[in-house]
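Reviewing the structure listed below.
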Amino acid sequence: AQSVTQLGSHVSVSEGALVLLRCNYSSSVPPYLFWYVQYPNQGLQLLLKYTSAATLVKGINGFEAEFKKSETSFHLTKPSAHMSDAAEYFCAVIKGSGGYQKVTFGTGTKLQVIP
Amino acid sequence: DVKVTQSSRYLVKRTGEKVFLECVQDMDHENMFWYRQDPGLGLRLIYFSYDVKMKEKGDIPEGYSVSREKKERFSLILESASTNQTSMYLCASRPGTGDVGRETQYFGPGTRLLVL
């Protein structure tokens with residue numbers, strides 16, 4: 001079974017500082033990995049996804065994530081935080097094989113951006 | 001523009017009531033999903049449907065049922081609401097081409113349910 005672990009339920013950064021949100025996956029085969037963002041009082045929106053085409057994946061709003069097989073990680077980064085980045089971020093992985101595959105979500109990391 | 005809508009943003013119900021949460025997508029997607037979201041637990045899959053009148057249990061189906069009579073509509077039913085079902089409920093849809101890793105899952109805005 002595949003799953004993801006997000007380290008840190010809350011992360012605070014200063015405006016303009018580097019954003020680093022951590023995600024580790026457990027998988028015996030190369031997985032599909034996703035990052036979603038949830039702004040207050042909204043549903044989830046896809047930020048980016050890894051589908052084995054390239055290890056460095058660029059997403060919307062200046063975010064990117066690097067797939068590192070040796071570390072089983074897929075951390076999300078942004079060079080300079082903006083106030084509008086304050087949201088909850090979820091890492092996700094495809095679970096199951098064949099048939100009807102389901103997306104399994106991590107427990108989420110709330111990002112606070114301090115002015 | 002892609003759209004998943006949920007019938008209510010906020011609902012307050014009493015213990016024992018039958019509750020219907022409706023979800024509609026306008027993208028002709030095959031697959032639809034119901035999740036609940038709780039602090040510290042992330043999103044947990046309740047049920048999903050890969051076709052009209054088809055349904056599969058997710059990770060936490062107890063106390064819930066679903067209905068999919070039309071392709072665009074997926075309903076979540078709480079047969080007898082209990083206080084531990086107070087939560088945020090999110091509906092999602094996905095094309096269903098078979099290459100799930102390359103598909104985007106689209107979410108509705110959520111329904112925040114309070115059971116008293």
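Taken as Cα centroids, region A:56-86 and region B:1-29 sit 32 Å apart, rounded to the nearest whole angstrom.
Give the Kirkwood hydrodynamic radius (Å, one decimal) of chain B, defined as one over the mean of 1/r across all pairs of different Cα atoms. Can you show the working numbers first?
Numbers: mean 1/r = 0.0707 Å⁻¹.
One decimal place: 14.2 Å for the Kirkwood radius.
Take the Cα gyration tensor of region B:1-68, multiply each eigenvalue by 5, square-root it, and list the three semi-axes largest first, rounded to whole angstrom.
Values: eigenvalues 82, 48, 39 Å².
Ellipsoid semi-axes (Å, largest first): 20, 16, 14.
Charge tally around residue A:89: other residues with Cβ under 11 Å, Lys/Arg +1 each, Asp/Glu -1 each, net +1.
Measuring max minus min along each principal axis, the C-alpha atoms of the protein assembly as shown give extents of 48, 41, 33 Å (largest first). Of the residues A:79, A:44, A:10, the one whose Cα sits farthest toward the positive end of the charge dipole of chain A, with +1 on the Cβ of Lys and Arg and -1 on the Cβ of Asp and Glu, is A:44. Sites listed here are GluC sites (Glu not before Pro) in region B:23-116 whose DSSP assignment is loop and whose Cβ has at most 13 other Cβ atoms within 10 Å: B:62, B:79.
Taken over the C-alpha atoms, region A:40-96 has Rg and Dmax values of 12.4, 37 angstrom.
In order along region B:50-55, phi translates into HN-Hα couplings of 10, 5, 4, 6, 9, 8 Hz, rounded to whole numbers, per the Karplus curve 6.51 cos²θ - 1.76 cosθ + 1.60 with θ = phi - 60° and x for Gly and Pro. Count the net charge of all other residues whose Cβ sits under 14 Å from the Cβ of residue A:39, scoring Lys and Arg as +1 and Asp and Glu as -1. Charge balance in the 14 Å sphere: -1.
Note down the Stokes-Einstein diffusion coefficient of chain A in µm²/s, whole number, using a Kirkwood radius over alpha carbon pairs, 37 °C, and 0.692 mPa s.
Details: Rh = 14.2 Å.
Approximately 230 µm²/s, per Stokes-Einstein.
Overall, chain A carries a charge dipole of about 300 debye about its Cα centre when +1 sits on the Cβ of Lys and Arg and -1 on the Cβ of Asp and Glu, all other atoms neutral.
Each value in this text was obtained by applying a stated rule to the coordinates, not by laboratory testing. Bear in mind that the values here come from a model prediction, so they are computed numbers and not experimental data. Please note: Cβ atoms are built from the backbone with ideal geometry, for glycine as well, and neighbour counts cover all protein chains shown.
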